[in-house]
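The block underneath contains the structure these notes are about, expressed in structure tokens.
The values are calculated or read from the model by the stated rules, or taken from the named source; none is laboratory data. Keep in mind that this is a model prediction, so the values were computed, not measured. Note: ideal-geometry Cβ built from the backbone for every residue, glycine included; neighbour counts use all protein chains shown.
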Amino acid sequence: MSDGLVWLGTPAFPQAARKALTDTQLRRNLRKATGTIRDKRLRVSAELDDWEQLRDSAAALKLRTLRHLDRYLEQLEASVTAAGGTVHWAADAAEANRIVVELVKATGGPDGGTREVVKVKSMATQEIGLNEALAAEGIAAYETDLAELIVQLADDRPSHILVPAIHRNRAEIREIFRTRMADVPAELTDEPRALAEAARLHLREKFLRAKVAISGANFAVAETGTVLVVESEGNGRMCLTLPETLITVMGVEKVVPSFADLEVFLQLLPRSATGERMNPYTSAWTGVHEGDGPSTFHLVLLDNGRTATLADQVGRQALGCIRCSACLNVCPVYERVGGHAYGSVYPGPIGAILTPQLAGVGRGSEDGADSLPFASTLCGACYDACPVKINIPEVLVHLRAKVVDAKRGRTVPTMESLVMRAATQVLAAPGRLSMAQKAGALGGRLVGRGGRIGPLPGPFHAWSDTRDLPVPPAESFRAWWQRTHPEETGR
Amino acid sequence: MRVALFITCFNDTLFPETGRAVVSLLERLGHQVDFPLGQTCCGQPQFNTGYRPEALPLVRRFAGAFAGYDAVVTPSGSCAGMVRENHPLLAADDPGLRRAVEEVAPKVYELSEFLVDVLGVTDVGAYYPHRVTYHPTCHSLRMLRVGDRPLRLLRAVKGIELVELPGAEECCGFGGTFAVKNPDVSAAMLADKMRQVLDTRAEVLTAGDNSCLMHIGGGLGRLRTGMRTVHLAEILAATEGPASTEGGAR
Ligand code: SF4
């Protein structure tokens with residue numbers, strides 16, 4: 001189940017998170033998994049003494065490409081076409097799905113077309129809900145990445161960009177295979193090797209049979225028309241080379257100007273993603289070649305909210321993302337709630353800035369997407385980890401302002417906006433602040449005991465359920481200063 | 001050098017002892033400190049929650065109150081970060097204000113930065129005979145990059161037993177309005193932070209921001225752990241002899 005950018009039925013983040021927090025197994029799995037990747041990433045990135053310069057280069061490359069995106073995309077279209085591929089443009093998810101469905105149908109013989117495709121793990125096709133669109137036309141899409149296969153078999157949703165089944169442990173995976181995989185070996189253990197072998201046998205036959213493969217792309221080179229997929233398991237290589245027809249769905253922001261630019265990204269991506277110096281399989285292809293690989297290649301260039309995001313000078317940074325998921329692995333919020341609470345194929349810090357932008361920020365609704373920019377303490381760990389230096393905290397605060405601004409002018413203002421306005425009223429004048437301090441000190445004394453304020457009712461419970469509050473002191477600093485420095489008028 | 005104290009509205013109202021500690025510490029080091037009474041708040045809560053127009057008058061007030069000082073010291077990493085990083089951004093559309101902000105913002109220092117970088121001291125002559133652990137708050141760590149300055153100051157304190165905090169660089173879960181907007185995630189992060197803090201068996205947890213300390217201390221207090229939270233300034237201000245400004249409950 002990967003039903004599009006924003007999942008229907010997911011509540012706003014705080015509610016979804018509350019539910020996720022009660023899942024002990026999930027929290028244990030996440031702590032272990034993210035902790036391991038985090039340490040590995042730190043180790044291998046420290047090996048490169050030009051790591052920071054690489055990050056700077058990557059950020060500069062991405063921003064430059066985004067500034068001239070139209071030009072690079074046209075160049076990409078020309079070079080892919082010249083190499084024997086066909087380029088399609090899709091404005092939104094529905095159009096992209098329609099294009100792919102038609103292409104798949106067209107590959108069959110007179111009996112009505114191909115009824116199955118193999119897939120390489122791809123965020124773009126999840127974003128548009130391609131598997132569901134194919135299923136609606138009677139076409140089965142088989143995910144071939146191990147973790148993606150687990151999610152698909154369990155009728156589950158992905159919870160991590162790179163490790164979609166990070167919320168599952170070995171025992172759970174064994175159970176999913178036993179109950180959902182038709183050709184499961186009789187004596188399946190929960191040894192990683194045994195699980196991988198079962199998946200391999202299950203997939204092998206599908207690879208050999210499939211006429212059509214569908215992939216995403218990590219990069220596409222405008223200059224040469226070369227498309228790249230970076231992966232670990234080799235399933236991608238099988239999909240990209242065995243079938244007759246290859247259809248790649250790619251977000252328009254994945255284009256890079258020249259082949260040489262890959263030098264930067266291919267050093268950063270595997271180290272940031274899995275903590276490896278180099279990932280096991282990097283496949284690159286340029287159009288089609290007689291007798292070598294697929295004989296037909298289609299590239300679907302997907303907008304789906306990207307050009308709207310591009311128009312926002314601060315928000316557009318999010319389009320530089322290379323989907324390494326380092327920001328997820330270091331995020332203290334993600335580590336505790338997992339991916340599902342974000343209600344989108346893009347979870348974690350990148351999801352919190354990308355999903356609302358692709359969906360259209362601040363349409364005034366209280367739905368999941370608008371709650372995401374607030375799902376962060378702004379601790380900044382993601383910014384430090386991001387290989388393309390996306391200033392995620394900056395974009396989060398920027399989007400918060402957009403969400404708040406969208407709600408302004410409502411006939412009934414939100415409670416929060418009233419509080420914020422009142423606070424500014426008080427803080428705009430030191431005299432008013434002094435008075436508020438005196439009132440607060442008195443109020444605190446009335447409810448506090450032994451210097452602390454315990455659980456409180458009403459709007460204060462969100463804080464006081466788990467934390468005591470200090471009783472405000474009888475004398476503020478300002479009052480103390482004026483008492484002890486009467487000679488100074490100050491300003 | 002004309003030095004002003006930016007107490008922050010939060011410390012002004014809830015933790016005046018931290019401000020008194022900064023004053024006595026700097027006076028002990030031979031520096032006269034001013035407290036411009038026109039100051040209120042840096043506008044961080046408004047800005048970080050998405051209320052930019054509401055933050056703007058506070059930016060203007062700040063720039064006016066602190067104009068003309070050589071240095072502005074504040075016992076808050078996150079407020080120092082707000083002024084240095086975000087005031088220029090908020091003032092961008094108003095040339096007059098922008099000039100005023102560009103003048104003041106670079107002179108705003110978090111306490112440990114001011115002591116180590118501007119005054120060039122690490123041994124401030126403090127005495128604090130307690131077992132202490134230090135939590136580097138996110139904004140001082142990743143926005144201001146204070147690095148190990150606070151630890152260098154603490155290591156030079158006489159009588160102190162400084163213990164390392166495991167997982168120190170992980171956020172405590174406060175995050176300003178995050179603690180109220182996402183109370184459950186905030187509490188979960190707090191629980192993990194408290195576990196690490198308690199594991200150190202320290203008597204005192206210190207940091208450069210009372211907001212994070214109020215959050216962690218509020219959790220420690222609720223559980224009656226007996227561990228105290230004390231702002232870095234109060235430890236550095238403490239001396240031998242009659243008990244000086246020690247922190248109250250947070
Ligand atoms: S935002 Fe940065 S760290 Fe996060 S997935 Fe994208 S590239 Fe990686």
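Report, by residue number, each residue of the stretch B:8-32 that is more than 10 Å from every other protein chain (Cβ to nearest Cβ) and either touching a strand residue (DSSP E or B) at 6+ places or on another chain (Cβ under 7 Å) or more than 25 Å from A:GLY443 (Cβ to Cβ) (or both).
As a first pass, look at the stretch B:8-32 and keep what is more than 10 Å from every other protein chain (Cβ to nearest Cβ): B:10, B:21, B:24-32.
Correct list: B:ALA21, B:SER24, B:LEU25, B:LEU26, B:GLU27, B:ARG28, B:LEU29, B:GLY30, B:HIS31, B:GLN32.
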Of the numbered conditions (1) small (Gly, Ala, Ser); (2) in a helix (DSSP H, G or I); (3) without any contact (Cβ under 8 Å) to a residue 24 or more places away in the chain, A:GLY9 satisfies every one except a single condition; which is it?
(2)
Reported set for the stretch A:43-77 where residues are without any contact (Cβ under 8 Å) to a residue 24 or more places away in the chain and aliphatic (A, V, I, L, M) is A:ALA46, A:ALA60
Which of the numbered conditions does A:GLU416 fail, given that it passes all the others? Conditions: (1) touching a helix residue (DSSP H, G or I) at 6+ places or on another chain (Cβ under 7 Å); (2) of a type outside the set (A, V, I, L, M, F, W, C); (3) under 22 Å from B:THR49 (Cα atoms).
(1)
Consider A:ASP384 against the criteria (1) near the ligand (Cβ under 10 Å from one of its atoms); (2) at the interface with chain B (Cβ under 9 Å from one of its Cβ atoms); (3) surrounded by 21 or more Cβ atoms within 10 Å (Cβ to Cβ): it satisfies all of them except one. Which criterion is unmet?
(3)
Filter pass, B:GLY173 being at pLDDT below 95, surrounded by 16 or more Cβ atoms within 10 Å (Cβ to Cβ) and within 14 Å of chain A (Cβ to nearest Cβ):
no
When you check A:VAL395 against the structure, is it more than 10 Å from chain B (Cβ to nearest Cβ), within 16 Å of the ligand (Cβ to nearest atom) and within 14 Å of B:GLY50 (Cβ to Cβ), yes or no?
yes
Here the qualifying pairs (Cβ atoms under 8 Å; residues six or more apart or on different chains; first in the stretch B:181-205 and not assigned by TED's automatic domain parsing to the domain that holds B:LEU232 and part of a helix (DSSP H, G or I); second surrounded by fewer than 16 Cβ atoms within 10 Å (Cβ to Cβ) and of a type outside the set (S, T, N, Q)) come out as none
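Results for (1) surrounded by fewer than 16 Cβ atoms within 10 Å (Cβ to Cβ); (2) under 25 Å from A:THR10 (Cα atoms); (3) outside the structural domain of A:SER232 (by TED's automatic domain parsing), shown as yes or no for each residue.
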position	(1), (2), (3)
A:ARG168	no, yes, no
A:ARG174	no, no, no
A:ARG178	yes, no, no
A:LEU188	no, no, no
A:ALA198	no, no, no
A:ARG204	yes, no, no
The residue that is farthest from the ligand (Cβ to nearest atom), considering only those in the stretch A:277-294 that are under 17 Å from A:ASN218 (Cβ atoms) and surrounded by 15 or more Cβ atoms within 10 Å (Cβ to Cβ), is A:THR286
Could you please find all residues in the stretch A:416-452 being among the charged types (D, E, K, R) and either farther than 22 Å from A:THR466 by Cα or within 9 Å of chain B (Cβ to nearest Cβ) (or both)?
A:GLU416, A:ARG421, A:ARG432, A:LYS438, A:ARG452
How many residues of the stretch B:102-136 are outside any helix (DSSP H, G or I) and under 21 Å from B:GLU85 (Cβ atoms)? The answer is 4
If I go through the stretch A:262-276 residue by residue, how many of them are within 14 Å of the ligand (Cβ to nearest atom) and in a helix (DSSP H, G or I)?
10
Counted residues, the stretch B:110-133 - those being among the hydroxyl-bearing types (Ser, Thr, Tyr) and in contact with a helix residue (DSSP H, G or I) (Cβ under 6 Å, 6 or more places away or on another chain):
3
With a cut-off of at least 2 residues that are closer than 13 Å to A:TYR346 by Cβ, name the helices (runs of 4 or more DSSP H) lying wholly within the stretch A:117-162.
A:123-127
Restricting attention to the stretch A:398-417, which residues are among the basic types (Lys, Arg) and either near the ligand (Cβ under 10 Å from one of its atoms) or in contact with a Phe, Trp or Tyr (Cβ under 9 Å, 6 or more places away or on another chain) (or both)?
A:ARG400
Just for helices (runs of 4 or more DSSP H) wholly inside the stretch A:299-357: which have at least 1 residues that are crowded, with 24+ Cβ neighbours inside 10 Å and near the ligand (Cβ under 9 Å from one of its atoms)?
A:326-330
Within the stretch B:48-66, can one find any residue that is aromatic (Phe, Trp, Tyr), more than 7 Å from every other protein chain (Cβ to nearest Cβ) and in a helix (DSSP H, G or I)?
yes
The lone condition B:THR200 fails out of (1) crowded, with 21+ Cβ neighbours inside 10 Å; (2) more than 14 Å from chain A (Cβ to nearest Cβ); (3) among the hydroxyl-bearing types (Ser, Thr, Tyr) is (1)
